[in-house]
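What follows is calculated from the coordinates using simple rules that are stated; it is not laboratory data. Because the structure is a prediction, the values reported are computed rather than measured. Cβ: placed from backbone, ideal geometry, glycine included. Neighbour counts: every protein chain shown.
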Amino acid sequence: MTDKHVTVLMIDDDSVFTDIVGHRLQQEHIECVYAPSGAIALDLLSHHRSIDLILLDIRMPDMDGFAVLRQLKKDAHTAAIPVLLFSNDMSDENLAKGKELGAVQLLEKVRVTPGEVADAVRAIVGL
C-alpha cells in the first residue's frame, strides 16, 4: 500500500451501487465523494479541487454521463481528470462514444464486482 492520497468522485443516482463500491474503495484507503446527478457533480467540481478520478454512470435522470463527460473535458480544471464510465449497455456505440469523449475505461455495471472497480481505480491512478 502506498502513502499516496487518492480521492474518487462517484457520479451515480444508484445509491446501492455507490454504497457498495464506495465501501470497497474506502477499504483500499481511497476517499470517495458522491454526487447523485451530473448537475450536482459539476457544481461540486467547481469547489472541490482534489479529485483524482471520476466514476461516472452513463444513465442518470438530469443529464446523462456523456453530457457530463463533455462538460468535464471542456473545463480546463477538470479536463485532465481520468473518467471511468459505467453502463449496463456495453454496445459498440457506447464504447466508441465513451472513448471518443475521453473516458479511460468503460465497465459493465451489472457484471462488475467492487473488487474489479477497486483494481481499475488503482491501475488508473497508479496505486
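Scan P36, P61 and give me the residue that is more than 14 Å from the chain's Cα centre (by Cα) and touching a residue at least 12 places away in the same chain (Cβ under 8 Å).
Within the list P36, P61, the selection yields P61.
Of the residues L69, L95, which is crowded, with 16+ Cβ neighbours inside 10 Å and of a type in the set (A, V, I, L, M, F, W, C)?
Step by step, each of L69, L95 is checked, and only L69 is crowded, with 16+ Cβ neighbours inside 10 Å and of a type in the set (A, V, I, L, M, F, W, C).
Check G22, G65, G38 and return the single one that is in contact with a Cys (Cβ under 6 Å, 6 or more places away or on another chain) and of a type outside the set (A, V, I, L, M, F, W, C). Steps first, please.
Working: G65 fails: in contact with a Cys (Cβ under 6 Å, 6 or more places away or on another chain); G38 fails: in contact with a Cys (Cβ under 6 Å, 6 or more places away or on another chain).
Going through G22, G65, G38 in turn, the sole match is G22.
Checking the condition more than 23 Å from V112 (Cβ to Cβ) and among the hydrophobic types (A, V, I, L, M, F, W, C), which residue from L55, L44 passes?
The match here is L44.
Would you be able to tell me the number of residues in segment 83-101 that are under 26 Å from D19 (Cα atoms) and in contact with a helix residue (DSSP H, G or I) (Cβ under 7 Å, 6 or more places away or on another chain)?
Within segment 83-101, residues that are under 26 Å from D19 (Cα atoms) and in contact with a helix residue (DSSP H, G or I) (Cβ under 7 Å, 6 or more places away or on another chain) number 4.
Quickly run through segment 113-127 and pick out the residues that are in contact (Cβ under 8 Å) with a residue 24 or more places away in the chain and loosely packed, with under 15 Cβ neighbours inside 10 Å.
Applying the first criterion (in contact (Cβ under 8 Å) with a residue 24 or more places away in the chain) to segment 113-127 yields 114-115, 117-118, 120-122, 124-127.
Passing the criteria: G115, G126.
Determine, yes or no, whether L42 is surrounded by 14 or more Cβ atoms within 10 Å (Cβ to Cβ), free of Cβ contacts under 8 Å to residues at least 40 places away in the same chain and out of contact with any strand residue (DSSP E or B) (no Cβ under 8 Å at 6 or more places or on another chain).
Considered against the rule, which asks whether it is surrounded by 14 or more Cβ atoms within 10 Å (Cβ to Cβ), free of Cβ contacts under 8 Å to residues at least 40 places away in the same chain and out of contact with any strand residue (DSSP E or B) (no Cβ under 8 Å at 6 or more places or on another chain), L42 comes out as yes.
Each row is one residue, and each column tells you yes or no for (1) assigned to a loop (DSSP other than H, G, I, E, B); (2) of a type in the set (V, I, T); (3) in contact with a helix residue (DSSP H, G or I) (Cβ under 8 Å, 6 or more places away or on another chain).
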{"residue": "V8", "(1), (2), (3)": "no, yes, yes"}
{"residue": "D13", "(1), (2), (3)": "yes, no, no"}
{"residue": "F17", "(1), (2), (3)": "no, no, no"}
{"residue": "Q26", "(1), (2), (3)": "no, no, no"}
{"residue": "V33", "(1), (2), (3)": "no, yes, yes"}
{"residue": "A41", "(1), (2), (3)": "no, no, yes"}
{"residue": "S46", "(1), (2), (3)": "no, no, no"}
{"residue": "S50", "(1), (2), (3)": "yes, no, no"}
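Quick one: which of D64, D75 is within 17 Å of D52 (Cβ to Cβ) and either in contact with a helix residue (DSSP H, G or I) (Cβ under 9 Å, 6 or more places away or on another chain) or surrounded by 15 or more Cβ atoms within 10 Å (Cβ to Cβ) (or both)?
D75
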